[in-house]
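Only one structure is covered here, and it is reproduced in the block below.
The values are calculated or read from the model by the stated rules, or taken from the named source; none is laboratory data. This structure is a prediction, so every number in the text was calculated from the model and none was measured. Cβ: placed from backbone, ideal geometry, glycine included. Neighbour counts: every protein chain shown. Protein only, heavy atoms only, side chains kept; ligands, DNA and RNA dropped before computing areas. Shrake-Rupley method; radii C 1.70, N 1.55, O 1.52, S 1.80 Å.
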Amino acid sequence: MPLLKPPATKLVELAKTIKAVQDGRIHIEKLNAPFLYTLKATGSEFGAGIKHAVEKGWLELHESGTYVRLIGTTAKAAPAKD
């Protein structure tokens with residue numbers, strides 16, 4: 001079943017629902033699993049969505065590829081708990 005919204009939009013929507021950890025970090029697997037298994041998207045859609053969201057300034061991808069941060073969106077990630 002194809003996605004009804006562009007992959008980047010769905011990734012940002014998912015990211016807004018995930019509780020961020022230290023410094024607003026959202027571990028990439030917290031996005032990957034629901035995107036691939038719940039939404040039945042493909043790995044290439046995930047990669048293209050991340051790339052597009054970064055280019056648009058919606059997500060910041062860490063150079064290691066292990067986490068993202070929400071940026072440039074009206075909704076912020078949940079604050080980290082220490």
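The residue that is farthest from residue 52 (Cα to Cα), among those in region 1-17 that are open to solvent by 40 Å² or more (accessible area, probe 1.4 Å) and not in a helix (DSSP H, G or I), is 1.
Of all residues in region 22-38, those that are among the aliphatic types (A, V, I, L, M) have Cβ atoms under 7 Å from Cβ atoms of residues that are in a helix (DSSP H, G or I) and open to solvent by less than 30 Å² (accessible area, probe 1.4 Å), 6 or more apart or on another chain, in 26/15; 31/11; 31/15; 36/46. When region 18-50 is filtered for residues that are closer than 14 Å to residue 71 by Cα and either in a helix (DSSP H, G or I) or among the aromatic types (Phe, Trp, Tyr) (or both), the ones remaining, listed by number, are 23, 24, 50. Considering only residues that are part of a loop (DSSP other than H, G, I, E, B), within 15 Å of residue 9 (Cα to Cα) and of a type in the set (A, V, I, L, M), look in region 51-81 and name the one that is modelled with the lowest pLDDT. Among them, the one singled out is 75.
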